1. Just one of T72, T62 is of a type in the set (S, T, N, Q) and over 18 Å from the mean Cα position of the chain (by Cα); which is it?
2. Among the residues of the range 27-52, which ones are under 19 Å from K352 (Cα atoms) and at pLDDT below 95?
3. Kindly state which helices (runs of 4 or more DSSP H) lie completely within the range 44-154 and contain at least 3 residues that are in contact with a Phe, Trp or Tyr (Cβ under 6 Å, 6 or more places away or on another chain) and either surrounded by fewer than 21 Cβ atoms within 10 Å (Cβ to Cβ) or at negative phi (or both).
4. Taking the condition of being surrounded by fewer than 22 Cβ atoms within 10 Å (Cβ to Cβ) and not in a helix (DSSP H, G or I), how many residues in the range 8-43 meet it?
5. Only one of (1) over 22 Å from V274 (Cα atoms); (2) among the charged types (D, E, K, R); (3) more than 21 Å from the chain's Cα centre (by Cα) fails for R158. Which number is that?
6. Output the number of the condition that Y196 fails; it satisfies all remaining conditions of (1) over 26 Å from I106 (Cα atoms); (2) surrounded by fewer than 16 Cβ atoms within 10 Å (Cβ to Cβ).
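The values are calculated or read from the model by the stated rules, or taken from the named source; none is laboratory data. What you see is a predicted model; the values in this text were computed from it and never measured. Cβ atoms come from the backbone with ideal geometry, glycine included; neighbour counts cover every protein chain shown.
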Amino acid sequence: MAQSTVGQITIPERKLKDFCNSVWIKLGVPKKDAETTTDVLVLADLRGVDSHGVARLPRYYTDLKNGWTKPTDQSRIVKETKATAMIDGGQSLGQVVGRRGMELAIRKAKETAVGIVSARNSHHYGIAGYYSLMALEHDLIGVSMTNAAPLVVPTFGRTAILGTNPVSLTAPASKEQPFVLDMATSVVPRGKLEVYDRLKKTMPLGWAVDTTGKGTSDPHTVLDALSRRLGGGILPLGGEGEEHSGHKGYGLALMVDVLCGVLSGSATGLGVDVDKAKPNVGHFFMAIDPAAFRPLDEFKRDMDRLARELKDSPKAQGQNRIYVHGEKSFARMEKYRREGIPLTAPVVESMKKVGGEIGGPIKHAYFWTENVVFRPALSFWRGLGRYRNFMIDVGRRRSREGRAGWFLG
């Protein structure tokens, strides 16, 4: 059952997946591809990357509805060697193209020790970590990257040229959790600004600059200027200028565009994902077999040793634990799978709107907990008069009783 707190609703993973799958299938996406797309979105929320979770559903829904994304997989291999492949995504769902690309890289790595796949003519593929995590299932090292729409200003610039261009790297371990790095090459991804904007919060200085190239704490100002191409943008990893090494993040973002864009022949820089009818996003996937270099058990043993050395090292004053990348996300996944995935009110309302348009299973959802009655998309019920008032009374009674539930009308 779904539960709510003020401004936030917790929904079981299965319920969330069922809703998302129903949206894609309604739009003509085959069941297997629908499940892949949903898995990528929900995994982002499970791992705490809410900027790339189901909050993105309305965007993909709009792209499919308008014909900008093909509902069936149109991807094809256009060039291939024993260790490499080049995929044309055919404007298919980025998650579907991404999964095919990583599966191919994994297969080649198992056959030749290294598999490298580049993709062009694709769409936004969600979190980069989904694909690098796939490699861990085969005891392989995984690499996943994508270029993205121009949102990041180069060092000393005031106009966004590069994308947030995320990178994810994974490596298997034995008794310790595997190493999982999933990061944007910008200070934050665009989705983080969107989260702050939805919550009407100011963001920390050092995340983005305005149209003059000066730092700002207003996410709405930055997002609005980016949408209208007035200038400004998100800062590269490291922040403004060279004092805190912003030029290094800028260099990383540029190299991602080289591997994803220049190598594949997809769009780069200012050309990525600016034409909704042909976004031409590029991806890069690599899988490496550690067993091609040394016995796998020795590799995993030494991964454990390195992780323990880091975690057992002296802690900074006031700190009681050192983490290795991925540990927090694995713990969060366990918690959210057990207790449900928390979503903000605006995200649920956006999903309600989509459900109202296509008749999804949470079209008539009510959420409540003790002392709180939360009704997303109240406007949807305007004009339903007595039935609506009846349901409000039901919710209040349940609230007074301390009960929590998810009503599906």
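1. When all the criteria are applied, what remains is T72.
2. Once the filter is applied, which keeps residues that are under 19 Å from K352 (Cα atoms) and at pLDDT below 95, the range 27-52 yields D50, S51, H52.
3. 94-112
4. 6
5. (1)
6. Every condition holds for Y196 apart from (2).
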